[in-house]
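The block underneath contains the structure these notes are about, expressed in structure tokens.
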């Protein structure tokens, strides 16, 4: 088992403070499918889901948010910008 399938298997039944989602172009499950699968799990309905990707198109972001992504972070983000997004999502 590799990539998103491995992460999905690990998330199923486990508690987490946040769920990171990598690329939207993964070979087994893409990022959108991963968001949907995580949101289907009762224990992760309110868990923040962070998408880290190179995709910045408006339609991609809207689709991710509609599926339940908490934050859409473009990989060129600085560490400070990344931390601010995580802090806002977790601490309000």
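Based on this model, can you work out whether residue 57 counts as at positive phi, over 12 Å from the mean Cα position of the chain (by Cα) and surrounded by fewer than 12 Cβ atoms within 10 Å (Cβ to Cβ)?
no
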Selection within the stretch 60-91 - outside any helix (DSSP H, G or I) and surrounded by fewer than 10 Cβ atoms within 10 Å (Cβ to Cβ):
76, 78
Looking only at the stretch 53-87, how many residues end up being at pLDDT 90 or above, in contact with a strand residue (DSSP E or B) (Cβ under 7 Å, 6 or more places away or on another chain) and under 15 Å from residue 33 (Cβ atoms)?
3
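The values are calculated or read from the model by the stated rules, or taken from the named source; none is laboratory data. These numbers come from a predicted model, not from an experiment. We place every Cβ from the backbone using ideal geometry, glycine too, and count neighbours over all the protein chains shown.
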